[in-house]
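First up is the structure itself, then whatever we jot down about it.
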Amino acid sequence: MSVWRLRDFHDDDLDQAIQLWDQGRHSDLSTPVFPVSEVMVSARGGHPAVVALVGGELVGMAVARVEAERGWILLIALHGSWRHRGLGSALIAEIERRLRGSGVRRIGAVLEPGSTGTTALEHSGYRRVDGLVYYEKLEHLGPGDAGLLAELGGRVMPGGMWDQLAGMREAKEAIEKRIVLPLAEPEVAERYGVTLPKAVILFGPPGTGKTSFAKAVASRLRWPFVELFPSRMAAGPGGLAASLREAFADLAELESVLLFIDEVEEIAGARSGTAVDPGHGVTNELLKLIPTFRDDDNRLLVCATNSLRTLDAAFLRPGRFDYILPVGPPDAEARAEIWRRYLGPAAERVDLDQLVPASEMFTPADIESAARKGAQRAFEREVTQRTGVLAGTEDYLSAIADTRPTLTEQALARFREDIEQHVRT
């Protein structure tokens, strides 16, 4: 007679079941095919789920899902002291009995090699199928989210935008380490005591790529990207404060979202301290909305500003924003990478050693503009003179001379002061 007792999963088993799942993971860094949340939804939703008890302790669990005539085993979890003692095979046999009763004819399981349950499956007559490749695409839009996202003017950014960010290595590394990686690996972050970022401020001179970074983070996470435009919201019924409340309420319905507010000083500018200040109520409203926004998982608020000194002091206090990160002008190495990106094949015939120093005070947006002007200059020459000469170094140097740089010494001085006084990494 076996020393364990098998029965159906009960909701009261949830805490012990999650602990058992965590103990049975093959690797702390691995990503399970079926996350614990999905497994528990099936277990609590009437799909086959069996637990093994020794006394009052839960020592094993198996969960499956029925899909027409096919069944999928989502989980086989065993307490460490009960492995290789036949419990895994007993759980599988019980799950199979329930699956057959649901009309299932084919049963499959997708497990990480060497993880808990592989030996029990082989002992239970399951055949390992080699030569298959598992593909997965994670969509963060839940049912009904697409319509709401369209109403908010948001979208899911195309993949690959993060890799397309040329240059700006220092800012990119800081944003990746502090923001992207914890949100992309939340279970690892939790295991190491890292708090997930919920709200950040990006600051720097105009044109340095703050908006591009926000979109690239959304692309990397595959989260919907929604941008709020204060100037448009101010025209809504009830004014800007009411529009903010409505927008944040709508955002709460999305399963995940990166909310971006550019030029946030328009709604969080320094207040005069008097109740008659027209921006007083709007700033107060935003300050009240941020904590509620932070309560939800899979949410990230990214605010951008050209100058931190224009923001209200209460807005910058710790507790509202996890990080305040600078996005500065590109250095020489970054400018070279940005030129290569916008020149494309022309980069092979252009002398970057001349373009990079000539564009010293240029932002990425300035370089993009100059690259476009240089190509246009060569195109116009070709259609009028038919020389067959492609755009070269002189064309781009002339374009640089015709482009007014965004950066000024005064703007850079303010940026450096903001870093000294406010940066939070």
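For a quick check, take a GNM of the chain with Cα springs below 10 Å and name the residue from 184, 49, 241 with the largest mean-square fluctuation.
Evaluated over the chain, the most mobile residue of the options is 49.
Does anyone have the angle between helix 409-422 and the longest principal axis of the chain? Alpha-carbon axes, 0 to 90°, nearest 10?
Taking the Cα atoms of the chain, the angle to 409-422 is about 30 degrees.
Rank 387, 195, 118 by mean-square fluctuation in a GNM of the chain with C-alpha springs under 10 angstrom and give only the top-ranked residue.
387
Along the Cα-to-C-beta direction of residue 401, a point sits 7 Å from the Cα; which residues of segment 314-350 have their amide N less than 19 Å from that point?
350
I want to verify a result. In a Gaussian network model of the chain, Cα cutoff 10 Å, which of these has the top mean-square fluctuation: 41, 350, 33?
The residue with the greatest mean-square fluctuation here is 41.
For a test of the definition: using alpha carbon positions, the gyration tensor, and the 1.5 limit on a/c, classify segment 5-123 as rounded, prolate or oblate.
Values: a/c = 1.30, a/b = 1.18, b/c = 1.10.
Rounded is the answer for segment 5-123, as its axis ratio a/c remains below 1.5.
Residues with amide H under 5 Å of residue 227's amide H, sequence separation 5 or more or different chain, H placed in the peptide plane at 1.01 Å from N; which?
Here 260 satisfy the definition.
Between residue 122 and residue 23, what length comes free when the chain is fully extended (0.36 nm per residue of separation minus the Cα-Cα distance, one decimal in nm)? Don't skip to the answer; put the middle values down first.
Working: separation 99, 0.36 × 99 = 35.64 nm, distance 2.14 nm.
In short, 33.5 nm is gained.
Based on the alpha carbon coordinates of the chain, what radius of gyration and maximum Cα-Cα distance (Dmax) apply, in Å?
28.2, 96
Mind checking the angle between helix 280-294 and the chain's longest principal axis? C-alpha axes, 0 to 90 degrees, to the nearest 10.
So the inclination is approximately 30 degrees.
Would you list which lysines come within 26 Å of residue 288, measuring only between C-alpha atoms, while excluding same-chain residues fewer than 8 positions from it?
Within the straight-line cut-off, residue 288 pairs with 198, 210, 215.
Any idea how far apart residue 177 and residue 67 come out in nm if each label point goes 7 Å out from Cα toward Cβ?
Placing both labels 7 Å beyond Cα along the Cβ direction yields 4.1 nm.
Restrict the search to segment 85-136; then list the GluC sites (Glu not before Pro) that DSSP places in a loop and that have at most 16 other Cβ atoms within 10 Å of their Cβ. Please report the intermediate quantities before stating the final value.
Values: sites: 94, 96, 122, 136; in loops: 136.
Sparse-neighbourhood loop GluC sites (Glu not before Pro): 136.
Counting alpha carbon pairs within less than 8 Å and at least 6 residues apart, what relative contact order, in whole percent, applies to segment 5-123? It would help to have the intermediate numbers written out before the result.
Values: 188 pairs, mean separation 32.6, N = 119.
Dividing the mean separation by the residue count of segment 5-123 yields 27 percent.
Which shape class, rounded, prolate or oblate, goes with segment 73-191 when its Cα gyration tensor gives a ≥ b ≥ c as root eigenvalues, a/c under 1.5 marks rounded, and past that a/b bigger than b/c marks prolate? Numbers along the way, then the final one.
Numbers: a/c = 2.76, a/b = 1.89, b/c = 1.46.
Prolate shape, in that a/c is at least 1.5 and a/b is the bigger ratio.
Can you compute the helix-only [θ] at 222 nm over the chain? Use -39500 (n - 2.57) per DSSP H run of at least 4 residues, normalise by all residues, nearest 500 deg cm²/dmol. Please list the in-between numbers first.
Numbers: 19 runs with 180 residues, N = 425.
It comes out at -12000 deg cm²/dmol, rounded to the nearest 500.
Can you tell me how segment 332-401 classifies by the Cα gyration tensor, rounded, prolate or oblate, using a/c under 1.5 as the rounded cut?
Details: a/c = 2.19, a/b = 1.86, b/c = 1.17.
Verdict is prolate for segment 332-401.
At R0 = 30 Å, how high is the FRET efficiency between residue 385 and residue 349 if r is their beta carbon distance? Nearest 0.05 is fine.
On the way: r = 19 Å, r/R0 = 0.63.
Calculated value: 0.95.
More than 21 angstrom separation, counting every C-alpha pair in segment 59-135; what % is that? Spell out each step's value before the answer.
Values: 701 of 2926 pairs.
Distances greater than 21 Å cover 24 percent of the Cα pairs.
Using the alpha-carbon atoms, what tilt in degrees (0 to 90, nearest 10) does helix 210-221 show relative to the longest principal axis of the chain?
20
Using 0.36 nm per residue, how much length does the chain from residue 163 to residue 307 gain when fully extended, once their Cα-Cα distance is taken away?
Working: separation 144, 0.36 × 144 = 51.84 nm, distance 2.72 nm.
Stretched out fully, the residue 163 to residue 307 stretch lengthens by 49.1 nm.
Each value in this text was obtained by applying a stated rule to the coordinates, not by laboratory testing. All figures in this text were calculated on a predicted structure; none of them were measured in a lab. We place every Cβ from the backbone using ideal geometry, glycine too, and count neighbours over all the protein chains shown.
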